[in-house]
1. Any idea how many residues of the stretch 21-46 are within 16 Å of the ligand (Cβ to nearest atom) and either among the charged types (D, E, K, R) or more than 21 Å from D76 (Cα to Cα) (or both)?
2. Which ranges mark the helices (runs of 4 or more DSSP H) fully within the stretch 1-101 that have 2 or more residues being farther than 26 Å from F152 by Cβ and without any contact (Cβ under 8 Å) to a residue 24 or more places away in the chain?
3. Kindly provide the set of residues from the stretch 107-141 that are closer than 21 Å to N6 by Cα, within 14 Å of the ligand (Cβ to nearest atom) and not in a helix (DSSP H, G or I), ordered by number.
4. Being more than 16 Å from the ligand (Cβ to nearest atom) and either outside the structural domain of A25 (by TED's automatic domain parsing) or at negative phi (or both) is the filter here; which residues of the stretch 58-77 pass it?
5. Only residues that are among the aromatic types (F, W, Y) and within 17 Å of S264 (Cβ to Cβ): list them for the stretch 291-328, please.
6. Can you find even one residue in the stretch 58-66 that is closer than 27 Å to G256 by Cα and crowded, with 19+ Cβ neighbours inside 10 Å?
7. Pick out the one residue from A201, A205, A229 that is outside the structural domain of G14 (by TED's automatic domain parsing) and in contact with a Leu (Cβ under 7 Å, 6 or more places away or on another chain).
8. Quick check on T263: is it without any contact (Cβ under 8 Å) to a residue 40 or more places away in the chain and of a type in the set (V, I, T)?
Amino acid sequence: TRTPVNVTVTGAAGQIGYALLFRIASGQLLGADVPVKLRLLEIPQAVKAAEGTAMELDDCAFPLLAGIDIFDNPTDGFAGANVALLVGARPRTKGMERGDLLAANGGIFGPQGKAINDGAADDIRVLVVGNPANTNALIASAAAPDVPASRFTAMTRLDHNRAISQLSAKTGVSVSDIKKLTIWGNHSATQYPDIFHAEVAGKNAAEVVGDEKWLADDFIPTVAKRGAAIIEARGASSAASAANAAIDHVFDWVNGTPEGDWTSAAIPSDGSYGVAEGIISSFPVTSENGEWKIVQGLEINDFSRSRIDASVAELVEERDAVKELGLL
Ligand code: NAX
């Protein structure tokens, strides 16, 4: 039998945590034959709630769940971690400036990055879900100089899945016949869902849709503002769909993306497509042998260029702001 994989989840007592942990424990994060040990990291006030979730996990008697430990400090939380899902973050509250938000999250993701650097397993793979996800991942990576930067990623898979669903509804083609869609840039309102290289049942998606006005006025804003629409409808932010996307991201990272398709993930830029080197930006990516690779050679038209540039400019601004705060 295999040695269990240590999976650390921060913000484990939150709503995404609740939607995520049962799926991890049932084998959906890594594979149906991979035992896992959960390490739940919470702030002290939420440890009791995390203990309640752990009781429910016990009550599921998941065959693959080899243990659950709960921690209130990052040093212990990340010790020996092979996979880390960084979900807990400081949300923006009323009257908070962007600088305050970045600083507050620096106070979380800096120490977590350091703990990962000092105590995680050599094969550690990190997915940041907590917002502002791209820049939080950058902060954590900067605090972990001994861990390859490529191990720090941020989640745009929910945006990717949302875009597939919207395109499926528009074209009447099932989601499994939609391929090669891309989210570029920041997980924010400036993100750019790109269908110019996407395929709908084997045909070029932009040609099938044939309507640039729908793209600009409907599709792009619907995908970018979907989070707000969910809050409006549910009275709470996306949780199960966010957890589902985190599962998809890590599963593909570890097990590889299917032949003939790609996905979207925010990974450190190597300068491809004119995206500033070093920022953590969403790209079209494939995964092979546990490493993300940016899909190369795509032609970027003017419509796409201006939108990618705008989102990248926002990420560069965020990077410069955290640099100024001394977080990089
Ligand atoms: P909740 O407020 O329900 O849960 C957050 C949990 O994190 C709380 O239990 C809190 O105690 C814990 N926490 C706070 N600071 C911590 C720390 N330093 N160490 C460990 N735990 C800590 O939020 P939830 O709805 O679960 O959302 C979590 C994060 O995901 C938010 O930042 C949210 O903005 C972000 N999202 C990101 C998405 C993405 O696509 N990248 C989409 C969904 C979601 O909005």
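The values are calculated or read from the model by the stated rules, or taken from the named source; none is laboratory data. Quick caveat, the model's predicted, so the values are computed rather than measured. Cβ: placed from backbone, ideal geometry, glycine included. Neighbour counts: every protein chain shown.
1. Residues meeting the conditions: 4.
2. Qualifying helices (runs of 4 or more DSSP H): 47-60.
3. V126, L127, V128, V129, G130
4. Scanning the stretch 58-77 gives D58, D59, C60, F62, P63, L64, L65, A66.
5. W292
6. Step one: list which residues in the stretch 58-66 are closer than 27 Å to G256 by Cα, which gives 62-66.
Retained after the next criterion (residues that are crowded, with 19+ Cβ neighbours inside 10 Å): 64-65.
Yes, because at least one residue in the stretch 58-66 is closer than 27 Å to G256 by Cα and crowded, with 19+ Cβ neighbours inside 10 Å.
7. The match here is A205.
8. no
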